[in-house]
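J.: So that we are looking at the same thing, I have put the structure below in structure tokens.
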Amino acid sequence: MAKKFLNILTSLHLTVVCLSLATLLVFVGTLAQVDEGLYNAQHRYFRSLLIWWSLPGASWKLPVFPGGYLIGGVLLVNLVAAHLKRFSFSRKKIGIFIIHAGLILLLLGQLLTDFLSVESSMRLTEGEAKDYSLSQQASELALIEVSNPEYNEVVAIPDKILARQKEITNRKLPFTVRIKNYYPNSALTNRLSNAGGETLPATRGVGTQLKLIPLQPTVRMDERNLPSALVELVTAQGASLGTWLVSAWLDAPQTFTHESKSYQMALRFTRFYKPFSIQLVDFRHDKYKGTEIPKNFSSRIRVQRPATGEDREVLIYMNNPLRYWGETYYQASYDENDPRVSILQVVRNPSWLTPYLSCCLVGLGLAVQFMSHLISFAKRRAA
């Protein structure tokens with residue numbers, strides 16, 4: 001039984017099946033981006049073990065197709081197992097070993113990229129400096145103690161925990177955070193408006209003057225989900241400090257005091273802080289003459305890192321990113337309504353070198369194998 005399983009695991013038929021399934025998955029997943037959006041399609045089809053399906057309105061789901069992780073994992077095991085079983089090491093086959101090593105590294109590198117890479121963005125106006133970037137999808141509830149003049153104590157609760165609508169405790173907080181309602185996408189309007197919406201039982205903050213309109217989560221690339229939540233803070237004795245409406249729509253955090261300490265609370269997109277700041281010195285945006293089509297746009301930025309005394313200017317433009325502190329800063333976009341605003345894409349990918357290394361290994365293996373056959377052929381002709 002074990003031998004039969006090993007034969008299946010190392011068979012060329014399994015390789016062909018995996019490659020065929022991968023081709024079909026790429027085709028279906030690419031088409032799905034039209035209706036589901038790039039982010040959702042990537043997670044459903046490519047960053048999953050199985051693809052689940054259910055009837056509209058049904059509570060059950062059925063696995064209907066292997067996901068990208070499962071296909072890639074089986075293909076990786078198939079490649080390693082077949083290599084160990086069929087190929088014995090020799091000088092004549094060293095090129096094949098190098099080629100297989102490159103392919104294995106390529107698959108492992110892609111897996112590491114999916115698990116470890118983090119993408120965010122930094123929106124800067126000329127003259128503005130920031131020491132953090134913002135997630136493009138994820139949000140967090142930030143509770144910030146601002147009593148200490150030297151530093152702020154921040155507790156950030158991810159949106160995945162907020163969506164559970166449960167009580168949250170943290171040793172840094174002298175109260176419990178009770179999530180009464182969470183809305184993945186929403187709009188806000190004045191309570192006196194006739195635009196409809198829900199009048200939420202907020203007792204503190206700006207929520208007492210607003211109504212909330214729940215919206216379906218959007219999947220369009222040019223739109224963004226703006227979540228909201230109804231949050232109640234409860235002391236250790238069970239007394240309520242009040243109920244707040246927090247939302248990504250609100251620019252300024254809401255403030256309150258508890259036990260002689262001052263706090264700020266805000267629902268915001270997840271922040272990734274840096275030990276340095278980036279200031280936009282100048283932004284250039286050129287268009288093709290007579291059109292609104294962008295021809296070229298670039299950002300001259302200033303990188304300042306007080307801990308090391310570093311202070312320098314860098315020009316970022318298309319295909320010329322800044323690589324700094326393990327991150328890559330790309331010139332991604334701009335604000336059509338404000339010519340002074342530049343939007344940088346920030347990518348942290350610890351395994352960014354693996355595709356280059358794997359391609360070099362595959363190329364080296366092909367060259368070695370070709371030279372090996374060429375030398376053998378030359379020797380036979382000479383004999």
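The values are calculated or read from the model by the stated rules, or taken from the named source; none is laboratory data. Computed from a predicted structure; not experimentally measured. Cβ placement follows ideal geometry from the backbone for every residue including glycine, while neighbour counts extend to all protein chains displayed.
Table: residues versus (1) under 20 Å from V177 (Cα atoms); (2) within 25 Å of the chain's Cα centre (by Cα).
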| site | (1), (2) |
| --- | --- |
| G205 | yes, no |
| T218 | no, yes |
| R224 | no, yes |
| V246 | yes, yes |
| D251 | no, yes |
| T255 | yes, no |
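J.: Taking the stretch 139-155 as the region of interest, how many residues are exposed (fewer than 14 other Cβ atoms within 10 Å of the Cβ) and small (G, A, S)? I'd like the intermediate steps shown before the answer.
T.: Applying the first criterion (exposed (fewer than 14 other Cβ atoms within 10 Å of the Cβ)) to the stretch 139-155 yields 147-152.
Among the residues that remain, those that are also small (G, A, S) are: 147.
Qualifying residue count for the region: 1.
J.: Oh, and also: Which of the residues belonging to the stretch 148-163 are at pLDDT below 90 and either charged (D, E, K, R) or in contact with a Phe, Trp or Tyr (Cβ under 8 Å, 6 or more places away or on another chain) (or both)? Don't jump to the end; show me each part of the working.
T.: Filtering the stretch 148-163 for residues at pLDDT below 90 gives 148-152.
Result: E150, single match.
Per-residue answers, yes or no, for (1) hydrophobic (A, V, I, L, M, F, W, C); (2) closer than 30 Å to P339 by Cβ; (3) under 26 Å from the mean Cα position of the chain (by Cα); (4) surrounded by 12 or more Cβ atoms within 10 Å (Cβ to Cβ):
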{"site": "G73", "(1), (2), (3), (4)": "no, no, yes, yes"}
{"site": "L76", "(1), (2), (3), (4)": "yes, no, yes, yes"}
{"site": "L79", "(1), (2), (3), (4)": "yes, no, no, yes"}
{"site": "S88", "(1), (2), (3), (4)": "no, no, no, no"}
{"site": "I96", "(1), (2), (3), (4)": "yes, no, no, yes"}
{"site": "I104", "(1), (2), (3), (4)": "yes, no, yes, yes"}
{"site": "G109", "(1), (2), (3), (4)": "no, no, yes, yes"}
{"site": "V118", "(1), (2), (3), (4)": "yes, yes, yes, yes"}
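J.: Just checking, does the stretch 9-18 include any residue being within 28 Å of the chain's Cα centre (by Cα) and either within 30 Å of I375 (Cβ to Cβ) or assigned to a helix (DSSP H, G or I) (or both)?
T.: Looking for residues that are within 28 Å of the chain's Cα centre (by Cα) and either within 30 Å of I375 (Cβ to Cβ) or assigned to a helix (DSSP H, G or I) (or both), one finds at least one in the stretch 9-18, hence yes.
J.: Going residue by residue through the stretch 87-106, is there one that turns out to be at pLDDT 85 or above and in contact with a Pro (Cβ under 8 Å, 6 or more places away or on another chain)?
T.: Yes, the conditions are met somewhere in the stretch 87-106.
J.: Continuing with the same structure: Would you mention how many residues in the stretch 209-218 are in a loop (DSSP other than H, G, I, E, B) and either in contact with a helix residue (DSSP H, G or I) (Cβ under 6 Å, 6 or more places away or on another chain) or crowded, with 17+ Cβ neighbours inside 10 Å (or both)?
T.: 0
J.: Which ones in the stretch 19-65 are of a type in the set (S, T, Y), more than 20 Å from the chain's Cα centre (by Cα) and in a helix (DSSP H, G or I)?
T.: S20, T23
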